[in-house]
Amino acid sequence: MLYMIGLGLGDAKDITVKGLEVLRRCSRVYLEAYTSVLTVGKEVLEEFYGRKLILADREEVEQEANNILKDADISDVAFLVVGDPFGATTHSDLILRATKLGIPYRVIHNASIMNAVGCCGLQLYRFGETVSVVFWTDTWRPESFFDKVKKNRQNGVHTLCLLDIKVKEQSLENLIKGRKIYEPPRYMSVNQAAQQLLEIVQNQRIRGEEPAVTEETLCVGLARVGAEDQKIAAGTLQQMCTVDLGGPLHSLIITGGSLHPLEMEMLSLFSIPENSSESQSIDGL
């Protein structure tokens, strides 16, 4: 059987008891290593789980899934995912591949950023469609996702922005020349996302459009949700450009305009002090 096991958001101990029991009896254990990361590394996970882990990068999961599924019809294979197994469409594809091969599967769920964002006080049922914010390059600066933000704002619902992760990426030159040389990992910060969003707002104004978001739109920055050093900051989009939330992983919420009184009261716990530097670190604990 193929077991898809969610690891939660914090560290090695966030795995469920059920997930740990299953993992320890599997013949092979893969760790998906490109859609998200925990606050601890592979070695810490191996020590706590008592098993050796096989790192599965994007290329292996998307192009060589048969290697992961090999012999899963006669033995148990575990595929570990940070957060919940269905937090990325890639994992649905792996299940479909297993089903076509006649391999049964079982999913062991865990917390993901999709529900843990409620820690800031915004009510989960008031969220609209989630968007991804990718790193811009000199030649690729997509703005299409902003249409979804606009639609969410028009409907009065919040937008969760998942920020880009670049792990085991090749430069264009190395890719063209077929060299297996990879760039250092990069994780988008709330600051970088906010700066790109503000540039989109300016571009819309230049085109004569009325932007659905402005510099004063209330946003929430989150970092390392679920970890002991989790941080949350609530302030304007402009403030999100400079607030210091520390290391990855970061997420950004663009509020939907009108807030429920309970949401406003909760967000006040994380407000960036008006009389402090915008680069000040904001504790959300």
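The values are calculated or read from the model by the stated rules, or taken from the named source; none is laboratory data. All values derive from a computational prediction rather than experimental measurement. Ideal geometry is used to build each Cβ from the backbone, glycine not excepted, and the neighbour counts take in all protein chains shown.
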Among (1) among the hydroxyl-bearing types (Ser, Thr, Tyr); (2) more than 30 Å from VAL40 (Cα to Cα); (3) not in a loop (DSSP other than H, G, I, E, B), there is one condition SER258 misses while meeting the rest; what is its number?
(3)
As an exercise: evaluate PHE270 against (1) closer than 30 Å to GLY41 by Cα; (2) at pLDDT below 95; (3) touching a strand residue (DSSP E or B) at 6+ places or on another chain (Cβ under 6 Å) and give the number of the one condition it does not meet.
(2)
Which residues, counting only those in region 238-255, are farther than 15 Å from GLU129 by Cα and part of a loop (DSSP other than H, G, I, E, B)?
CYS241, THR242, VAL243, LEU245, GLY246, GLY247, PRO248, LEU249
Would you be able to say whether some residue in region 214-231 is of a type in the set (A, V, I, L, M), under 17 Å from the mean Cα position of the chain (by Cα), under 16 Å from GLU143 (Cα atoms) and surrounded by 23 or more Cβ atoms within 10 Å (Cβ to Cβ)?
no
Residue count, region 151-162 (criterion: surrounded by fewer than 20 Cβ atoms within 10 Å (Cβ to Cβ) and not in a loop (DSSP other than H, G, I, E, B))
2
Among the residues of region 1-16, what is the count of those that are part of a loop (DSSP other than H, G, I, E, B) and more than 29 Å from CYS119 (Cα to Cα)?
1
Would it be correct to say that GLY226 is assigned to a loop (DSSP other than H, G, I, E, B) and outside the structural domain of LYS13 (by the TED database)?
yes
Flagged in region 180-197 as assigned to a loop (DSSP other than H, G, I, E, B) and modelled with pLDDT of 70 or more, in numbering order, are PRO184, PRO185, MET188, SER189
